[in-house]
Amino acid sequence: MTPIDSKPKPALPPRFAAPSAVTWIVILAFAAFFIQGLMSADITPQRLWRGMFNLWRFVSLAFPPDFSKLDVIAWSMLETMNMAVVGVAFGVILSLPFALLASSNTTPHPVVRTITRLIIATMRTIPDLIWALIFVVAVGLGPLAGILAIIIDTIGFCARFFSERIEEVKPGPAEALTSTGAGRLSVILGAIVPETLASITATSLYSVEKAIRSAVTLGLVGAGGIGVELSTAMRLFNFDEACAIILVILVVVIAFEQISSFIRSKVI
Amino acid sequence: MTAAPLPPAIEIHDLHKRYGDVHVLRGINLSVAPGEGVVLLGANGCGKSTLLRCLNRLTPHDGGTIAILGTEISTLKRAGLRAVRHQVGYVFQHFNLVPNVSVFQNVLFGALGRNRHGLLRTWSAFASAEDRDRAMTCLERVGLAEKAAARPSEISGGQQQRVAIARMLMQAPSIVVADEPIASLDPKAGREVLELLFRIVSEEGLTVLCTLHQLDLAAEFGQRIIGMKAGRIVVDGAAGDLPRADLDDLYHGAVRVDQPAGTVTADLVPA
C-alpha cells in the first residue's frame with residue numbers, strides 16, 4: 001500500500017479562470033457597440049422629462065377612448081382578420097410542398113433540398129412589413145398586399161417547422177410501405193404526413209396568432225386592415241380614437257390567442 | 001425436387017455490402033426454393049438484417065447478384081423494382097405500423113403496391129369495397145377484426161405484430177421476409193405471433209425467410225436453418241440434422257462484422 005501523500009496532490013482548480021482572447025474581443029466589441037448606441041440615441045434628462053410629459057398628454061387625450069366610429073373600426077378589424085385567415089390558409093397549404101422538398105427524408109434530390117431551404121430562409125428573414133411594402137408596390141394599396149405578405153411570411157415560418165418535424169419521423173413505417181411496392185409519393189403521404197399532422201395543426205394555429213398580430217401592423221404601410229385606421233387617427237392627433245382602436249385590437253388578439261391555444265391543447 | 005419448373009424464390013450469388021470501412025456482407029451465396037421455410041440465425045451485428053434489407057433493395061448492395069423469383073433486382077428501374085417488392089412481404093422487428101391511422105388503414109396499406117393509383121385507392125375512404133372486405137378478412141385471420149378502428153398505440157405489441165402480418169397478407173406476396181419478428185415481444189406473445197406467421201405461411205404456401213434468436217424456436221419452426229457469422233453463411237442444413245454445437249458456435253468468437261479479427265470478445269475480458 002502506497003501512502004496517500006507519497007504522490008503530489010493535484011492543484012485545486014482556481015476560483016476564477018482568465019477569459020480567453022476571443023472572449024475578451026467579444027466583450028470589448030459588444031461594450032463599444034453598446035456605448036456607441038447609447039450615445040447616438042442622444043439621451044438627456046431634458047428629453048426624458050419632455051417625453052414623460054408628452055406621454056402623459058397622450059394618455060390624458062386618449063382617455064376616455066372615443067368609440068363613436070366603432071362601426072368603421074369593426075369593419076377594418078374584420079378586414080384584418082380576413083387578411084390573416086386567408087393569408088395563413090394559403091400559406092399553410094403552400095408550406096407543405098415546400099417542407100416536403102426541404103426535408104432530407106422526403107426531398108427528391110439534395111440539390112432541390114438546398115435550394116428550397118434557401119428560398120424558405122429568404123421568406124423568413126425578410127420581415128413581413130417589408131414584404132407588405134413590396135406587394136403594395138406590386139398590387140397597390142389594400143388587403144391583397146397584406147394577404148400576399150402574410151402568405152410569404154407564413155411559408156417562411158411554417159415550412160421550416162413542418163420540415164423539422166418531417167425529418168424527425170422514424171423511417172420504419174415508410175420502409176414498410178416501400179416494401180409493399182408503393183410509389184414514393186404514396187409512401188410520403190401514407191406514412192410520413194399522417195405522423196406529422198398533430199404538429200402541423202399546432203404550428204398552423206400558432207401562425208394564425210402570429211398573422212393576426214402582423215396583419216394589424218401591415219395596415220401601417222397601407223396593406224389594408226385596422227392598421228390604416230390606426231395610423232390615420234395617430235397622424236390626425238385623434239388619440240381618443242386611436243385608443244379605441246388599440247383596445248379593439250387588444251381584445252381581438254387576446255380572444256384569438258385563447259381560442260387557438262385551446263384548440264392546440266386539444267390537438268396535442 | 002428434380003427439374004423444378006419454377007425458378008428459385010431467392011437466388012443470391014457472391015453478395016457483398018460495405019458501409020464505409022465495414023465489410024458487412026462478405027460473399028453470401030444462398031438459394032431458397034419456392035415454398036421453403038428458412039430460419040436465419042446469427043449473433044447481433046453479423047449482417048442478418050442487412051442481408052434481408054438487400055433482398056428488396058431497401059439497402060442497395062455493392063457486388064454480386066440477387067434474383068427474386070428469377071428476376072435480377074440490382075438493375076431494375078422504378079416500376080420493375082416496385083413489382084418485385086410487391087412479391088416480397090416484410091415483417092419487421094418493430095412492427096413499423098403507421099401511427100395516427102387506424103389498424104384497418106394500416107392493413108389496407110398492404111395493397112399500396114397493387115393499386116395503380118397508389119394511396120388514392122388505398123385510403124380507407126376511397127378504397128374499393130372489395131379491398132375493404134379483403135382487409136377485414138385479413139384482420140379476421142390474425143384474430144383482430146374487433147380492433148379495426150383502434151390506433152396501433154392502443155393495442156399490445158403482440159397485437160401490433162399481428163396487424164403487421166395482416167398487412168403482409170393484404171399485400172399477397174409469394175415470399176415473406178421476417179426480420180426478428182418476435183424480438184420485441186415477451187416469450188408468450190412471441191410464440192403466438194410466430195405460430196400465427198408460420199401457420200399463415202403454410203396455408204398460403206409461401207416461401208419464408210425469418211431471422212430468430214431462439215435456437216429452440218428455430219428448430220421447431222424452420223425446415224432449413226442457415227447460420228451467419230461475421231458476414232458469411234457458415235451453417236446451412238435441414239433443421240433436424242444440425243448439431244447443437246454448430247449453432248451455439250454462431251454466437252462465439254468473431255461474430256460481428258465491425259470487429260477486426262484478433263479482437264475476439266475483447267470487450268468481455270475485464271480490464
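No lab work stands behind these numbers, since they all come straight from the coordinates. Keep in mind the model is a prediction, meaning the values are calculated, not measured. When we count neighbours, we look across all protein chains shown, and the Cβ atoms used for this are built from the backbone with ideal geometry, even at glycine.
Is the stretch B:97-104 home to any residue that is within 22 Å of the chain's Cα centre (by Cα) and within 11 Å of B:GLN171 (Cβ to Cβ)?
no
Considering only residues that are within 14 Å of chain A (Cβ to nearest Cβ) and among the hydrophobic types (A, V, I, L, M, F, W, C), look in the stretch B:57-72 and name the one that is nearest to B:GLY231 (Cα to Cα).
B:LEU58
Can you work out which of the residues in the stretch B:30-56 that are surrounded by 19 or more Cβ atoms within 10 Å (Cβ to Cβ) and among the charged types (D, E, K, R) is nearest to the other protein chains (Cβ to nearest Cβ)?
Result: B:ARG53.
To keep it simple, each residue is scored yes or no on (1) among the small types (Gly, Ala, Ser); (2) in contact (Cβ under 8 Å) with a residue 60 or more places away in the chain.
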| position | (1), (2) |
| --- | --- |
| B:GLY20 | yes, no |
| B:SER31 | yes, no |
| B:LEU51 | no, yes |
| B:PRO60 | no, no |
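Please work out which one of (1) in a helix (DSSP H, G or I); (2) in contact (Cβ under 8 Å) with a residue 12 or more places away in the chain; (3) under 25 Å from B:LEU197 (Cα atoms) is the condition B:GLY143 fails and give its number.
(1)
It is to be established whether one or more residues within the stretch B:239-251 are buried (at least 16 other Cβ atoms within 10 Å of the Cβ), more than 21 Å from B:SER31 (Cβ to Cβ), basic (Lys, Arg) and without any contact (Cβ under 8 Å) to a residue 60 or more places away in the chain.
no
Report the residue count in the stretch B:161-176 for those that are among the small types (Gly, Ala, Ser) and more than 13 Å from the chain's Cα centre (by Cα).
Matching residues across the stretch B:161-176 total 2.
With a cut-off of at least 3 residues that are more than 14 Å from chain B (Cβ to nearest Cβ), on the phi < 0 side of the Ramachandran plot and surrounded by fewer than 23 Cβ atoms within 10 Å (Cβ to Cβ), name the helices (runs of 4 or more DSSP H) lying wholly within the stretch A:172-238.
Answer list for the stretch A:172-238: A:193-218, A:226-235.
Any idea how many residues of the stretch B:89-123 are closer than 23 Å to B:ILE10 by Cα and more than 7 Å from chain A (Cβ to nearest Cβ)?
Total meeting the criteria: 5.
So which of B:GLY190, B:GLY240, B:GLY158, B:GLY227 is more than 25 Å from B:CYS54 (Cβ to Cβ), more than 14 Å from the chain's Cα centre (by Cα) and not in a helix (DSSP H, G or I)?
Exactly one of B:GLY190, B:GLY240, B:GLY158, B:GLY227 is more than 25 Å from B:CYS54 (Cβ to Cβ), more than 14 Å from the chain's Cα centre (by Cα) and not in a helix (DSSP H, G or I), namely B:GLY240.
Return yes when B:ARG78 is at the interface with another protein chain (Cβ under 9 Å from one of its Cβ atoms), of a type outside the set (Phe, Trp, Tyr) and under 23 Å from B:ALA254 (Cβ atoms) and no when it is not.
no
What is the number of the single condition among (1) more than 29 Å from A:VAL216 (Cα to Cα); (2) touching a helix residue (DSSP H, G or I) at 6+ places or on another chain (Cβ under 8 Å) that A:PRO13 does not meet?
Just one mismatch for A:PRO13, condition (2).
Can you go through A:ALA121, A:ALA132, A:ALA174, A:ALA99 and tell me which one is within 30 Å of A:ILE246 (Cα to Cα) and among the small types (Gly, Ala, Ser)?
Going through A:ALA121, A:ALA132, A:ALA174, A:ALA99 in turn, just one is within 30 Å of A:ILE246 (Cα to Cα) and among the small types (Gly, Ala, Ser): A:ALA132.
Please state which of the following conditions A:LEU133 fails to meet, knowing it meets all the rest: (1) surrounded by 14 or more Cβ atoms within 10 Å (Cβ to Cβ); (2) under 23 Å from A:SER199 (Cβ atoms).
Against the list (1) surrounded by 14 or more Cβ atoms within 10 Å (Cβ to Cβ); (2) under 23 Å from A:SER199 (Cβ atoms), A:LEU133 comes up short only on (2).
It is to be established whether one or more residues within the stretch A:105-114 are closer than 30 Å to A:ALA174 by Cα, hydrophobic (A, V, I, L, M, F, W, C) and either free of Cβ contacts under 8 Å to residues at least 40 places away in the same chain or surrounded by fewer than 11 Cβ atoms within 10 Å (Cβ to Cβ) (or both).
Looking for residues that are closer than 30 Å to A:ALA174 by Cα, hydrophobic (A, V, I, L, M, F, W, C) and either free of Cβ contacts under 8 Å to residues at least 40 places away in the same chain or surrounded by fewer than 11 Cβ atoms within 10 Å (Cβ to Cβ) (or both), one finds at least one in the stretch A:105-114, hence yes.
B:ALA164 fails exactly one of the following numbered conditions: (1) within 12 Å of chain A (Cβ to nearest Cβ); (2) out of contact with any strand residue (DSSP E or B) (no Cβ under 6 Å at 6 or more places or on another chain); (3) of a type in the set (A, V, I, L, M, F, W, C). What is the number of that condition?
The one condition B:ALA164 does not meet is (2).
Of everything in the stretch A:158-171, what is of a type in the set (A, V, I, L, M, F, W, C) and within 13 Å of chain B (Cβ to nearest Cβ)? Give them in sequence order.
Scanning the stretch A:158-171 gives a single hit, A:VAL169.
Would it be correct to say that A:ILE73 is in contact (Cβ under 8 Å) with a residue 24 or more places away in the chain, farther than 30 Å from A:ILE192 by Cα and of a type in the set (Val, Ile, Thr)?
Criteria met by A:ILE73.
Given the conditions (1) within 13 Å of chain A (Cβ to nearest Cβ); (2) over 27 Å from B:TYR19 (Cα atoms), and given that B:GLU146 satisfies all but one, which numbered condition is not satisfied?
(1) is the only condition that B:GLU146 fails.
Quick one: how many residues across the stretch A:239-268 are more than 24 Å from A:ARG57 (Cβ to Cβ) and either in a helix (DSSP H, G or I) or not β-branched (Val, Ile, Thr) (or both)?
Residues meeting the conditions: 17.
Kindly provide the set of residues from the stretch A:223-245 that are over 20 Å from the mean Cα position of the chain (by Cα) and farther than 22 Å from A:PRO64 by Cβ, ordered by number.
A:VAL228
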